[in-house]
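To start, the structure itself, in structure tokens.
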Amino acid sequence: MKIEFLSNTNTKDISISNEVFSKEFNESLIHQALVSFMAVSRQGSSKQKNRSEVRGGGKKPYRQKGTGRARAGTIRSPLWRGGGVTFASRPKNFNKKINKKMYRAAIKSIFSELVRQNRLVAIEKPVLSKPKTKDIANFLNQFSLSKVLIITEELDTNLYLSARNIPNVDVITYREINPVNLLKPQKVAVTSKALKHIEEWING
């Protein structure tokens, strides 16, 4: 299987692995991977104190009888101002487990669908001597890439800093690939070296 290779010098096709990029589109599996990935980002950190956790209230506020007031054993009762919450919220773990094999299969399915829709292209990694947005913008315009995710084999600070101010353009390494950032852009541009790493990673 081959995909288009975009280069400043010439445009040609590059071979990719059928094992990774020719799988059927498995919507339910991709949905599970998306839910699992997005659930991890939920904090679930809401926390309130119940009557046993609020500081103070160890002493009975007044005597049991003879005051004309309702009986009270502590000033930290939920009925009192400053008291604990009756049904206090607790931190919640929203994580949804998915096996590594299933997760990698979902990534394969996404990549395969990108190939079928002609949304996956290989690129020659831009060489930048310093961060300059104009240079990377010209590179993208040359190949009509607007809403694009660029995947590299390693972190390139100059490339990242040059692209971060361009709307709808993201730069990540192959280690940061996830279902969300693969499905979001119009095009996914991968360097030839990153493609090899992706094939090795997915095949385990």
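Each reported figure results from applying straightforward, stated rules to the coordinates on display, with no laboratory input. Fair warning: this is a prediction, and the values are worked out from it, not measured in the lab. Don't worry about glycine lacking a Cβ; one is built from the backbone with ideal geometry, like all the others, and counts go over all protein chains shown.
Points to keep in mind about this one:
- Single match in Thr67, Thr74 (criterion: without any contact (Cβ under 8 Å) to a residue 24 or more places away in the chain, in a loop (DSSP other than H, G, I, E, B), among the polar types (S, T, N, Q) and touching a Lys or Arg at 6+ places or on another chain (Cβ under 8 Å)): Thr74
- Evaluating Gln43 against the criteria (1) in contact (Cβ under 8 Å) with a residue 12 or more places away in the chain; (2) closer than 30 Å to Asn95 by Cα leaves one unmet condition, (1).
- Test: Lys65 is among the basic types (Lys, Arg) and under 30 Å from Lys96 (Cβ atoms): no
- Any chance Lys130 is out of contact with any Cys (no Cβ under 7 Å at 6 or more places or on another chain) and under 30 Å from Asn203 (Cα atoms): no
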